[in-house]
1. Of the conditions (1) more than 26 Å from THR45 (Cβ to Cβ); (2) touching a residue at least 24 places away in the same chain (Cβ under 8 Å); (3) loosely packed, with under 15 Cβ neighbours inside 10 Å, LYS174 satisfies every one except a single condition; which number is it?
2. Please list, ordered by first then second residue, the pairs with beta carbon atoms under 9 Å, 6 or more apart or interchain, first in the range 47-64 and under 18 Å from ILE227 (Cα atoms) and touching a residue at least 40 places away in the same chain (Cβ under 8 Å), second open to solvent by 80 Å² or more (accessible area, probe 1.4 Å) and assigned to a helix (DSSP H, G or I).
3. Scan the range 162-179 and give yes if some residue there is at pLDDT below 90 and of a type outside the set (S, T, N, Q), otherwise no.
4. Restricting the first residue to the range 140-160 and requiring it to be assigned to a strand (DSSP E or B), which pairs with a second residue that is among the aromatic types (Phe, Trp, Tyr) and modelled with pLDDT of 95 or more meet a Cβ separation below 6 Å and a spacing of at least six or different chains?
5. Considering only residues of the range 189-202 that are crowded, with 19+ Cβ neighbours inside 10 Å and within 22 Å of GLU133 (Cα to Cα), which is modelled with the lowest pLDDT?
6. Just to be sure before I move on: is THR73 assigned to a loop (DSSP other than H, G, I, E, B), modelled with pLDDT of 50 or more and under 30 Å from GLY186 (Cα atoms) in the structure I sent?
7. Mind checking which residues of the range 127-146 are within 19 Å of GLY182 (Cα to Cα) and touching a strand residue (DSSP E or B) at 6+ places or on another chain (Cβ under 6 Å)?
8. Select from the range 120-149 the residues that are more than 17 Å from ASP91 (Cβ to Cβ), of a type in the set (Phe, Trp, Tyr) and open to solvent by less than 70 Å² (accessible area, probe 1.4 Å) and list them in ascending order.
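The values are calculated or read from the model by the stated rules, or taken from the named source; none is laboratory data. Everything numeric here is computed off the predicted structure, so don't read it as measured data. We place every Cβ from the backbone using ideal geometry, glycine too, and count neighbours over all the protein chains shown. Surface accessibility is based on the protein's heavy atoms, side chains included, excluding ligands, DNA and RNA. Shrake-Rupley method; radii C 1.70, N 1.55, O 1.52, S 1.80 Å.
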Amino acid sequence: ASLPTPAASGTVAPTSTVSPSPSQMPAPQKSVLPQKKGRGAPNVTLSREAITNFESYPPKVQKLLTSALELTTRNLDYKSGSADPANGGMDCSGFVYYVLNQNGVAPYVPRDSKDQYIWLRSAGTFEPVVSGEDDSFELNALKPGDLLFWSGTYSIERDPPITHVMIYLGREKKTGARVMVGASDGRTYQSQQRFGVSVFEFKMPQTENSEAYEGRERPRFIGYGHIPRLNE
């Protein structure tokens with residue numbers, strides 16, 4: 001309910017002991033929260049302040065990640081084939097395509113995850129990862145704003161077999177866990193599956209929640225790539 005309006009200066013607010021009738025009472029105001037469209041737990045968002053050393057990131061990286069995190073506040077679902085939040089959701093490569101275009105990377109970034117992978121391989125900024133361990137030295141060059149790539153997240157015949165992409169955020173200040181942002185149809189945050197545009201924990205396949213794959217073979221993390229000129 002709203003607070004009563006103070007009386008204007010120089011006047012005395014009238015008082016009354018007469019209670020209004022039910023028909024005169026204002027209708028109660030409801031606080032309606034948006035419903036989660038997809039399955040699983042609600043989407044997650046993080047503030048800049050919740051990410052370790054965010055303020056020290058290069059300005060272009062801060063701008064890109066801020067715009068990516070803003071999308072996680074819109075309750076967007078995972079929507080195959082979409083690269084526009086106006087559609088109510090996006091797929092993984094559509095999210096990356098949209099965010100990078102909004103931040104001046106266009107017209108270089110391709111639309112599909114496979115082509116985004118080829119784009120960074122061709123630019124010489126891709127770092128392959130063979131290990132499945134979270135503390136592998138192969139992750140030493142990983143930087144906030146990098147694109148993360150997986151194969152085997154769904155069955156498809158393509159060459160190279162890249163099927164999923166996300167944007168690396170860095171480490172969450174509260175937990176120290178690596179986190180990423182993007183669109184997913186079932187990745188996890190705090191061991192709960194989430195479907196849509198959200199923040200997720202970045203874990204190597206050996207340490208991911210096995211329930212997330214519902215009996216399917218775990219996908220393989222391929223590596224990460226630095227977006228050209230982003231860290232300048």
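1. (1)
2. From the range 47-64, the pairs are PHE54/ARG48; LEU64/GLN102.
3. Just the residues of the range 162-179 that are at pLDDT below 90, to begin with: none.
Checked against the condition, which is being at pLDDT below 90 and of a type outside the set (S, T, N, Q), the range 162-179 yields no hits at all.
4. LEU148/TYR168; LEU148/TYR224; PHE149/TYR117
5. Just the residues of the range 189-202 that are crowded, with 19+ Cβ neighbours inside 10 Å, to begin with: 189, 193-202.
Going one step further and asking which of them are within 22 Å of GLU133 (Cα to Cα), we end up with 189, 193, 199-202.
On the way: TYR189: 95, GLN193: 92, VAL199: 98, PHE200: 97, GLU201: 96, PHE202: 96.
Of everything passing the filter in the range 189-202, GLN193 is modelled with the lowest pLDDT.
6. Numbers: assigned to a loop (DSSP other than H, G, I, E, B): yes; modelled with pLDDT of 50 or more: yes; under 30 Å from GLY186 (Cα atoms): yes.
Taking the combined requirement at face value, the residue satisfies it.
7. Step one: of the range 127-146, the residues within 19 Å of GLY182 (Cα to Cα) are 142-146.
Correct list: LEU142, PRO144, ASP146.
8. Step one: of the range 120-149, the residues more than 17 Å from ASP91 (Cβ to Cβ) are 120-146.
From the residues that got through so far, the ones that are of a type in the set (Phe, Trp, Tyr) too are 126, 137.
Passing the criteria: only PHE126.
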